[in-house]
Each structure stands twice: as structure tokens, then as C-alpha cells.
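Working notes, beginning with the structure itself.
The values are calculated or read from the model by the stated rules, or taken from the named source; none is laboratory data. Values in this document were obtained by computation on a predicted structure and should not be read as measured data. Here the Cβ positions follow ideal geometry from the backbone for every residue, glycine too, while neighbour counts run over all protein chains shown. Only protein heavy atoms, including side chains, enter the accessible area calculation; ligands, DNA and RNA are left aside. Shrake-Rupley method; radii C 1.70, N 1.55, O 1.52, S 1.80 Å.
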Amino acid sequence: MNNNKVVQWIDTRLPIFTFMRHALKEYPTPKNLNFLWNTGSLAGITLLIMIITGITLAMHYCPDPEDAFQSVERIMRDVNYGWLIRYIHMNGASFFFVLVYIHIFRGMYYGSYKSPRELLWILGVVIFLMMMATAFMGYVLPWGQMSFWGAKVITNLFSAIPIVGDTIVHWLLGGPTVGAPTLNRFFALHYLLPFGIVAIVCLHMVALHQFGSNNPSGVDPKHPSEQIPFHPYYTVKDLLGLSIYLFVFAFVVFFAPNFFGEPENYNPANSMVTPVHIVPEWYFLPFYAILRSIPSKLGGVMGMFGAVFVLFLLPWLDRSRVRSATFRPLYRPLFWVFVLNSIVLGWIGSQPPEGIYLIIGRGATAYYFFHFFVLLPLLSVIEKPLPVPDSITLYLDQKKRAV
Amino acid sequence: MLYKIIREHDMTKKQADQNVQSKERRDFLQLVTTAVGGVGAACALWPLIDSMNPAADTLAESTVDVDLRGIEPGQGKTVLWQGSPVFIRRRTPDEITYAQNMPMDTLLDPERDEARVKKPEWLVVVGVCTHLGCVPTGQKPTEPKGEYKGWLCPCHGSQFDISGRVCRGPAPTNLQVPPYVFLDDHTLKIGTNEA
Ligand code: HEM
Ligand code: FES
């Protein structure tokens with residue numbers, strides 16, 4: 001315990017120091033985590049970066065169709081360091097999604113969604129959904145051509161709902177079409193949602209600390225020697241990861257700030273002309289590809305939302321007892337096929353929906369759902385897992401002998 | 001302690017019955033309170049939800065008058081009505097015949113051309129794709145019109161004929177016909193059916 005009198009006085013009445021000591025210092029962590037376990041802390045730091053740069057942007061931004069585009073240009077040209085803050089915010093969204101996608105795939109590879117971490121996983125999917133909503137509404141704010149038409153197409157997805165669809169769309173937009181009321185409320189929600197994400201992230205942490213981190217072996221720690229305190233071991237490792245991450249982040253911000261962007265969005269919104277080739281931001285492309293691959297309005301919309309919502313069911317679709325793909329000879333290659341298939345979907349989403357692209361897109365869409373609804377349940381029955389070591393120590397011995 | 005034992009001992013059958021009754025009563029009261037509170041909360045929520053619906057000034061019946069002079073047969077004009085483009089097309093006799101003789105099985109949302117126009121020469125439709133809301137191309141002579149002489153949506157490839165009817169998906173329905181009225185031979189009012 002700290003012997004500082006003030007700290008003690010506070011901690012007796014409000015045990016935040018005890019809490020921080022448990023969560024950030026003593027928290028017993030498996031000793032064999034690899035660098036994929038850095039993505040969590042990095043995503044958290046990115047969330048903070050987004051909130052801080054967002055608040056400073058909001059001090060100069062005007063959520064009105066007459067001024068929005070100009071106010072963003074003013075941020076870029078006249079506001080002190082406005083260009084820097086905006087480029088950090090703009091690219092931060094992309095980096096955030098890179099991290100979260102790696103984070104999700106890591107969970108899939110090592111079976112981190114399996115009992116007893118189902119709720120931890122579900123909270124993660126909730127965060128992912130809220131991030132998508134936040135990023136979508138943020139992208140509307142600069143009120144360029146892609147902002148406007150992206151908003152129009154995505155909100156119109158809801159018109160596919162039978163009977164009440166149009167009423168819902170008018171309610172979302174606050175008018176017959178995307179306009180001033182839409183921009184204003186998107187700004188309000190874009191400001192609000194990240195704080196909701198912070199709240200869910202806290203719950204995600206509580207659920208994590210209940211059973212502790214999973215690890216590459218997928219085997220629960222059995223002995224205190226298999227765990228190390230979070231501080232200094234993982235604080236140092238997270239800091240190393242952060243340094244490398246910030247290096248790459250800064251490189252993009254300073255040398256390729258529009259790498260992820262779409263030049264069309266530097267044209268002001270025009271409600272009379274749709275750009276010839278509208279594409280969402282890269283992180284939505286796989287879902288956009290699924291939307292366009294299904295040749296029915298309602299079907300496409302259901303496919304697109306289904307592709308995210310199926311993640312909620314993952315803990316119950318994969319019934320295999322073995323967590324880590326290391327010990328699953330069939331799941332491991334199929335996991336990589338799934339990753340590849342997701343990348344193909346992303347590429348298809350960026351191509352025009354015709355000819356060969358349409359055919360590949362349909363195949364990849366079908367495979368996406370085939371993986372979840374057929375392969376995973378089937379594997380749980382037919383796959384013969386390799387012998388799983390009894391403890392992390394035995395797993396590490398095995399690994400050493402293999403080398 | 002002693003007091004409690006005596007009390008329990010003293011409890012007559014009548015008192016026990018009363019106890020059961022009062023438990024039922026409390027359960028009932030709890031249910032009613034929850035229900036009333038729930039309905040009240042839902043009612044209080046409604047103004048907040050409804051505040052997000054289009055406001056009165058946004059909804060105010062807006063109309064636009066369009067001067068049709070100077071539009072030659074085969075040409076079109078696009079005007080903004082309630083924030084959305086409206087396509088006006090002066091159709092050539094060929095186009096009219098083509099639209100009227102369009103086989104119904106080509107159409108995804110079959111509707112006769114006659115039901116979609118007030119004067120066959122003039123087609124007036126909302127220029128918003130019924131799939132996800134993009135503006136189809138084809139109003140300008142240089143723009144792609146698709147295979148059915150009408151419009152082609154750049155977003156997901158829906159095609160419309162020269163009556164604004166959908167011939168190729170994913171759009172599920174025909175381009176919408178807005179309320180309009182001819183004030184005289186060369187003036188069109190969009191937004192109302194009455195002059
Ligand atoms: C989860 C965290 C967040 C994400 C993923 C996110 C994402 C985005 C994206 C993609 C843009 C469009 C950038 C562009 O193309 O210019 C944007 C713009 C904006 N965001 Fe955020 N944002 C987040 C948090 C916040 C917060 C907390 C605020 C305010 C408190 C904020 C305020 C703004 C403002 C004012 C703009 C418009 C200026 C601009 O376009 O650069 N953001 N956001
Ligand atoms: S919006 Fe026109 S085809 Fe999708």
C-alpha cells in the first residue's frame with residue numbers, strides 16, 4: 001500500500017488507487033502473450049486520440065450544409081495546427097479499424113470467444129457496431145460528395161424494411177431527404193457515441209478481468225508461475241507496441257494523409273448529381289460487397305447486417321472444446337481461408353458491381369455465411385483436435401522441443 | 001425470542017389467511033405500479049422520438065413551378081423539389097410508342113405507361129433511385145441511359161425505361177411520380193395535384 005497520507009485518505013473513502021493497482025499493476029497475466037495482444041491497449045489509446053482530436057475539431061466545425069464544407073477547409077487552412085488535428089482524426093479512424101479487425105481475427109484464431117468469455121466477446125461486437133455507426137456519421141460531417149451520397153445510400157438501407165421502412169428513413173433523416181436536419185443530428189450523435197463506446201469498453205474490461213486474458217495456447221493458467229503481473233511486464237510491452245504504432249501512424253499522417261481517403265470527398269455535396277463511382281470507406285467494403293451481391297433490396301440489407309450480427313452467435317456456432325487453432329488441424333487452414341475471403345470481399349466492394357466482380361462477390365458472400373453456419377458447426381463434430389497440453393508450461397516446452 | 005415463539009404459536013388460521021391475501025395484494029400492487037410507470041415512461045419518451053421526425057417547416061407543402069418553354073422533344077430538364085431532383089422529359093413519338101408497348105414481363109414492377117403520365121408527351125418522375133436513393137444518369141444527352149432508353153443508376157446498376165419503370169434491379173419499384181398539374185400549356189406545378 002502507498003504510504004502517501006493523501007493517497008491513503010482518498011483510497012479509504014474512494015478505493016480508486018486500490019482499483020488501479022488491481023487492474024493495471026497486479027493483474028495476473030499469462031506469461032506467453034504474443035504481440036497480437038497489443039491490439040487491445042492500442043485500440044483504447046486510439047479511442048482517446050479520437051476523442052481528444054474530435055473535441056478540438058468540434059470547436060471549429062459548423063454542422064450546417066451551408067458552412068460544413070467551408071468550416072472543414074478553414075480547419076485545414078486557417079486554424080492553428082487544424083490540418084494536423086484533422087489528419088490525425090481522419091486517419092485515426094482507419095487505424096482504429098485496422099487494430100479492431102486484427103483484434104477480432106485474433107479472437108477467432110485463439111478461440112477467445114469460447115466459454116467463459118462469451119459476454120466479453122459480445123461486448124466487443126457491440127463496440128464494433130458502435131464504432132461503425134460513429135465512423136459513418138463522422139464521414140458525413142465534412143459534407144463532401146462522398147459524405148452526402150454515403151449518407152443517402154446507407155440511410156436508405158432502412159427503407160427496405162417492409163411497410164414502416166419509409167417512415168423510419170424520414171425519422172432518421174428528419175426530412176424527406178438528407179439535408180440540414182440530418183447533418184445536425186449526425187453531429188450530435190457523432191459527438192455522443194464515442195463516450196458510449198468508452199462505457200462499453202469499461203464493461204469489456206470488467207468482463208476481461210473476471211477470467212483473465214486468453215493466451216496463444218488457449219489453455220487456462222494452472223499455476224502461479226505461469227502468470228506474471230501486468231506491471232512492469234505488459235506495461236513495457238504495450239509501450240513498445242505503442243511506440244512502433246505511433247511511428248507508423250505519424251508516418252501516414254505526415255507523408256500520406258490522404259492515403260485512405262477518397263478525392264471525390266473534396267468536392268462539396270451536390271444533391272443533384274451522384275458521383276459515378278461511390279464507395280464507402282475501406283473498412284466498410286466487405287459489408288458493402290455483401291449488400292450488392294444479393295440481388296434483392298431486402299435480401300441485400302439483411303445479408304449486410306447479418307454479416308455483423310452473426311458474430312454475436314459465434315460462441316454457439318463453434319462447439320469445439322479446443323480454443324486455440326494451434327490444436328485444430330482443420331479449423332486452422334479454414335480460418336485463413338476465411339481471412340482471405342474477407343479480403344476478397346473488401347476488394348469486390350471497391351469494384352463496380354458487374355461482370356466477373358459480381359460473380360466473385362456472390363461466391364465470396366456465400367462462403368462467408370457458409371463458414372459460420374455450416375463449416376464451424378460441422379468442424380465441432382468431425383474434427384479430431386491434436387492433443388492439447390495440460391498447462392501453459394507444457395505447451396511452451398512442446399514448442400521449444402519442436403524448434 | 002420468546003416473544004417470537006409465542007407470536008408464531010398464537011397465529012391463528014385466520015391470520016395466516018390474511019398473510020397470504022396481503023402477499024397477493026402486494027404482488028398485484030407491484031405489478032400495477034410497474035405497468036403504470038412503464039406506460040408513463042413510454043409516453044414521456046414519445047415527444048423526444050417524435051422531435052426527430054421532419055419538422056413543420058421542413059414538411060410545409062412546397063411546390064415548384066417549372067417553365068416548359070425551350071424543352072425540345074427528346075430533351076429533359078431537372079428541377080429540385082423538396083431536396084430531391086425531379087426529372088422532366090419531353091418524350092418523342094418514338095419514345096411514347098416504345099413506352100406504351102413495353103412488354104409487361106420486362107418490368108419488375110409492372111405498371112402501364114398511361115397510368116404514369118398526365119400527357120403522354122411529358123414524363124415527370126422523382127429522380128431518386130428506389131433502391132438506395134442515388135440519382136440515375138440519363139437526363140443529359142451525354143450520359144449513359146442504360147438499355148431501355150431511360151435512366152441508369154450509377155450506384156448499383158438499376159435500369160429504368162423511358163416511363164421511369166424499373167427493368168433491371170436491384171431497385172424494387174418504379175421511379176415515383178410526384179403530384180403535379182399543368183397550369184397552362186407551358187407551366188408545370190410540382191407538389192400538388194390541384195391548380
Ligand atoms: C470512436 C471514435 C471516433 C471515430 C471512429 C470518428 C470518425 C470520424 C471520421 C471518419 C470523420 C471524417 C473525417 C474526414 O473525412 O474529414 C470524423 C469527422 C469529425 N469528427 Fe469524429 N470520430 C470519433 C470521435 C469523435 C469525437 C468524440 C468527436 C467530438 C467530440 C468528433 C468530432 C468530429 C468532427 C467535428 C468531425 C468533422 C471534421 C472533419 O471532417 O475532420 N469525432 N470523425
Ligand atoms: S441506388 Fe440505384 S441501384 Fe442502388
Once you sort the root eigenvalues of the Cα gyration tensor of the range A:1-146 as a ≥ b ≥ c, which label holds: rounded (a/c under 1.5), prolate (a/b larger than b/c) or oblate (the other case)? oblate
For residue A:126 and residue A:235, compute 0.36 nm times the residue count separating them, minus their Cα-Cα distance, and round to one decimal in nm. 36.6 nm
Can you list the aspartates and glutamates whose alpha carbon sits under 20 Å from that of residue A:399, skipping same-chain ones fewer than 8 residues off? A:220, A:226, A:390
Which order do you get for B:51, A:41 if you rank them by accessible area with a 1.4 Å probe, largest at the top? B:51, A:41
Average projected area [Cα convex hull, the range B:132-195], square nanometres: 5.1
To the nearest 100 Å², how much accessible surface do chains A and B hide from each other in total, with a 1.4 Å probe? 2000
With a ≥ b ≥ c the root eigenvalues of the C-alpha gyration tensor of chain A, is it rounded (a/c under 1.5), prolate (a/b larger than b/c) or oblate? oblate
Would you mind telling me the share, in percent, of accessible area of the range B:93-195 contributed by carbon and sulfur at probe 1.4 angstrom? 53
Please report the spacing between the Cα centers of the range A:117-139 and the range B:91-158 in Å, no decimals. 41
Under a plain spin-label model, where a point goes 7 Å from the Cα along Cα-to-Cβ, how far apart in nm are residue B:16 and residue B:45? 4.5
Quick check: net charge around residue A:38, other residues with Cβ under 13 Å of its Cβ, Lys/Arg +1 and Asp/Glu -1? +1
Run through every distinct alpha carbon pair of the range A:160-271 and return the Kirkwood hydrodynamic radius in angstroms, one decimal place. 19.9
Please list the radius of gyration and Dmax for the range B:58-190, considering alpha-carbon atoms only, with Å as the unit. 13.9, 40
Starting from the Cα of residue B:25, step 7 Å along the direction of its Cβ; do the same at residue A:255; then give the gap between the two resulting points in nm. 8.1
Using protein chains only and a probe of 1.4 angstrom, how many square angstrom of residue B:194 are accessible, to the nearest 10? 140
If each DSSP helix of 4+ residues adds -39,500 (n - 2.57) and the sum is divided by the residues in the protein assembly as shown, what number results at 222 nm, nearest 500 deg cm²/dmol? -17000 deg cm²/dmol
List the residues of the range A:180-226 whose accessible area drops by at least 40 Å² when all protein chains are present, compared with their chain alone, using a 1.4 Å probe and counting only protein heavy atoms. A:185
The range A:281-403 - Rg (one decimal) and Dmax (whole number), Cα, Å: 17.7, 56
Taking 51 Å as R0, compute the FRET efficiency from the Cβ-Cβ separation of residue B:97 and residue A:339 and round it to 0.05. 0.40
I'd like to check one number: the per residue accessible area of the range B:58-190, probe 1.4 Å, reported in Å² as a whole number. 43
Rh_Kirkwood(the range A:82-222) over Cα pairs, Å, one decimal, evaluates to 17.4
Using a 1.4 Å probe on the heavy atoms of the protein chains only, list every residue of the range A:243-274 that has 30 Å² or more less accessible area in the complete assembly than in its chain alone. A:271, A:272, A:274
Ordering B:161, A:166 by the accessible surface of their heavy atoms, 1.4 Å probe, largest first, yields A:166, B:161
Would you tell me the accessible area of residue A:298, worked out with a 1.4 angstrom probe on the heavy atoms of the protein chains, in Å² to the nearest 10? 70
Over 26 Å between C-alpha atoms is what I'm after, so list which of A:237/A:384; B:119/B:145; A:5/A:31 land there. A:237/A:384; A:5/A:31
Taking the full set of protein chains and a 1.4 angstrom probe, give the accessible area of residue A:381 in square angstrom, rounded to the nearest 10. 120
Provide the FRET efficiency to the nearest 0.05 for the residue A:13-residue A:206 pair, computing r from the beta carbons and using R0 = 25 Å. 0.70
Taking a virtual spin label 7 Å from the Cα of residue A:313 along the C-beta vector, which residues in the range A:341-377 bring their backbone nitrogen under 19 Å of it? A:342, A:364-377
Chain A, accessible surface, carbon-and-sulfur percent (1.4 angstrom probe): 71
Determine Rg/Rh for the range B:95-157; Rg is computed over alpha-carbon atoms and Rh is the Kirkwood hydrodynamic estimate from the same atoms. 0.95
Förster radius 41 Å - calculated FRET efficiency between residue A:247 and residue B:147, Cβ distance, rounded to 0.05: 0.20
What is the spin-label model distance, in nm, from residue A:66 to residue A:386 if the labels are put 7 Å beyond Cα along the C-beta direction? 6.8
Can you give the translational diffusion coefficient of the range A:244-285 in µm²/s, computed by Stokes-Einstein from the Kirkwood radius over Cα pairs at 10 °C and 1.306 mPa s? 127
Protection proxy ranking, peptides A:177-189, A:347-359, average beta carbon neighbours within 10 Å, highest first: A:177-189, A:347-359
